[in-house]
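Take a look at the structure set out below.
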Amino acid sequence: MVNSVALIVATSVLVLIPGPNVALIVANSLRHGLKIGLVTALGTTCGLAFQLFLVVVGMAALIELAATALEWVRWLGVAYLVYLGIRAWIEPVANLQDIRAQSKSGAFWRGFAMAVVNPKTLLFNAAFLPQFVAGGEGATGQLVILASIYLAVIVIGDGLWAVFASSARRFLGKFGHLRNRITGGFLLGAAAGLALSRRSV
């Protein structure tokens with residue numbers, strides 16, 4: 001119980017610190033609204049869930065191998081986010097009603113890919129969660145429970161980021177250029193965050 005409370009507090013603090021995942025969620029929420037922002041948050045959470053699966057099953061060697069393999073994929077993700085950011089930054093002003101909606105599946109898989117290709121979060125989670133496991137038997141079961149709590153806090157926190165950004169979207173709808181700059185800035189920020197994500201934690 002104590003470990004669960006400590007995990008919730010620690011994870012809540014982490015959610016308050018915007019990283020690449022949050023930047024993408026905010027950008028999509030500003031650009032496309034709450035539904036797409038929430039779907040993006042669901043995608044990033046599922047991506048983290050995939051990483052946590054590797055942690056829970058204790059595949060230390062596979063985690064190291066995956067982190068190595070993700071290095072070059074990460075740079076493809078960086079390039080794609082830079083492209084999206086520049087496009088959002090320079091595109092003509094449009095009314096919110098005129099902006100073509102992003103598909104929910106596209107938002108989900110973009111968020112999923114953002115989370116999965118970040119080797120830093122993979123290695124961070126591998127080092128972070130076990131700290132909350134009490135010694136003795138049943139360590140795997142404890143990891144499953146803690147991973148579930150961790151993901152629940154993440155998805156709630158990221159969902160709140162989407163709500164916050166979509167609320168600001170209504171205000172920024174009156175200032176098209178500013179909305180485009182902020183959206184592009186968050187996408188470029190997500191690219192920078194992903195680029196600066198090193199394997200070491």
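The values are calculated or read from the model by the stated rules, or taken from the named source; none is laboratory data. Quantities reported herein were computed from a predicted structural model and do not represent experimental measurements. Please note: Cβ atoms are built from the backbone with ideal geometry, for glycine as well, and neighbour counts cover all protein chains shown.
Numerical summary
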| read-out | value |
| --- | --- |
| Helices (runs of 4 or more DSSP H) (entirely within segment 83-201) containing at least 2 residues that are at pLDDT below 75 and surrounded by 21 or more Cβ atoms within 10 Å (Cβ to Cβ) | 119-128, 176-195 |
| Any hit, segment 55-72, residues being assigned to a helix (DSSP H, G or I), within 28 Å of residue 132 (Cα to Cα), polar (S, T, N, Q) and modelled with pLDDT of 80 or more | no |
| Criterion (touching a Ser or Thr at 6+ places or on another chain (Cβ under 7 Å) and at pLDDT 85 or above) met by exactly one of 52, 24, 38 | 24 |
| Segment 1-33: number of residues that are in a helix (DSSP H, G or I), of a type in the set (A, V, I, L, M, F, W, C) and over 28 Å from residue 85 (Cβ atoms) | 7 |
